[in-house]
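Read the structure below first, then the notes.
The values are calculated or read from the model by the stated rules, or taken from the named source; none is laboratory data. What you are looking at is a predicted structure, and each value in this text was computed from that prediction instead of being measured. Cβ atoms come from the backbone with ideal geometry, glycine included; neighbour counts cover every protein chain shown. Each accessible area value is taken on the protein alone, full model and side chains, heavy atoms only, with ligands, DNA and RNA left out. Shrake-Rupley method; radii C 1.70, N 1.55, O 1.52, S 1.80 Å.
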Amino acid sequence: MANDVALIDAGGANLGSVRYALERLGVDARIVRDANGLHGAQRVILPGVGAAAPAMALLRERGLDVALRALDAPLLGICLGMQLLFDASEEGDVACLGLLPGTVRRMQGSAGLRVPHMGWNTLEIIRESALLDGIAMPAHAYFVHGYATPVTDDCIASCTHGDPFAACVQRGRIAGMQFHPERSADVGSTLLSNFLRWNPE
C-alpha cells in the first residue's frame, strides 16, 4: 500500500473527512497546497466540494493545474475533484484539467426528482477494474452533486438519477469517483484501499 499520499487542498469542504478516511486505512496523507508539494508522492488525491470555476482558479493560481497534467503517480479525483479531471464544465463554463475527454453537464431535474442529487444510490459496474475489486452488487454509495459526466468508455461504474451518469471512471493512471468514498461506508473504504494499492499499467 502506498504510504506517501498527497491530498490536494483545492478549497473543498471534504478535505478533512477524506484525510480521516485515509487515516482509518493506516495512511497519514500530507496536505498539498502548491505544485512543489507533489514531488515524491506515490498517490495523489484531488477532493472537492463546491463550484468548478473557483476550484480551477485556485489550482491555476498555485501551479497545480500544470503539475497535475505532468504527474506520473496515480491520481484520484473525488466529487468535484473528479469533474475537474475532464475537459470542461458547464458550471461556470470553465476549462478544466483535460485529463479525461468530455464535458461535465448540469443534471436535469423533474417532478419528484431533485437536483442536486443527494443521498445514497446504487452503483452499476460497467467494466472490470482493479479499483472495483471486492465490490459486490448491489453496492451503494453516497452522492452530493448537481453536475455530472456522461457514461463514456472511461466509465467503470455508473449510477442513475433521471439519466445514467458516470459514478466511477478510470483511464490509465487517472481515476475519479463522483460519490464520496469517505461517506460511503464499507464500499467507500474498499475503493480507497484499492486505490492505495493500485498499480495501473
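Once label points are set 7 Å from the Cα along Cα→Cβ at both residue 1 and residue 93, what is their separation, rounded to one decimal in nm?
For the pair residue 1/residue 93, the computed spacing is 4.6 nm.
Using helices alone, what [θ] at 222 nm do you get for the chain, with -39,500 (n - 2.57) per DSSP H run of 4 or more residues, divided over all residues and rounded to the nearest 500? Walk me through the numbers before you get to the answer.
Working: 5 runs with 43 residues, N = 201.
Here the helix-only value at 222 nm equals -6000 deg cm²/dmol.
If you place +1 on the Cβ of every Lys and Arg and -1 on the Cβ of every Asp and Glu, how big does the dipole about the Cα centre of region 1-83 come out, in debye to the nearest 20?
80 debye
Considering the zone a paramagnetic label at residue 34 would reach in this model (a point 7 Å from Cα along the Cα-to-Cβ line), which residues of region 44-74 have amide N under 19 Å from it?
Under 19 Å, as judged by backbone N against the label point of residue 34, lie 56-71 of region 44-74.
On the full set of protein chains, 1.4 Å probe, figure out the accessible area of residue 198 and give it in Å² to the nearest 10.
About 20 Å², ignoring ligands and nucleic acids.
Identify which of the listed values of Rg and Dmax of the Cα atoms in Å was calculated from the structure shown: (1) 16.1, 48; (2) 15.4, 50; (3) 17.2, 53.
From the options (1) 16.1, 48; (2) 15.4, 50; (3) 17.2, 53, the structure gives (2).
Show me, for region 40-48, the HN-Hα J-couplings you get by feeding each phi into the Karplus relation (A = 6.51, B = -1.76, C = 1.60, θ = phi - 60°), rounded to Hz, glycine and proline as x.
x, 5, 8, 9, 10, 10, 10, x, x
Taking H placed 1.01 Å from N in the peptide plane, check which residues at least 5 places from residue 96 or on another chain put their amide H under 5 Å from its amide H.
Sorted by chain and number, the residues that satisfy this are 88, 89.
Taking all protein chains in place and a 1.4 Å probe, what share, in percent, of the accessible surface of the chain do carbon and sulfur account for? Please report the intermediate quantities before stating the final value.
Values: 4190 of 8780 Å².
Carbon with sulfur: 48 percent of the solvent-accessible area.
Would you give the gap between the C-alpha center of region 141-159 and the C-alpha center of region 20-98, rounded to a whole Å?
If we compute the Cα centre of each part, the gap is 17 Å.
With a 1.4 Å probe and every protein chain left in place, work out the accessible area per residue of the chain in Å², rounded to a whole number. Present the calculation step by step, with values, prior to reporting the outcome.
Numbers: 8780 Å² over 201 residues.
With all protein chains present, the chain gives 44 Å² per residue.
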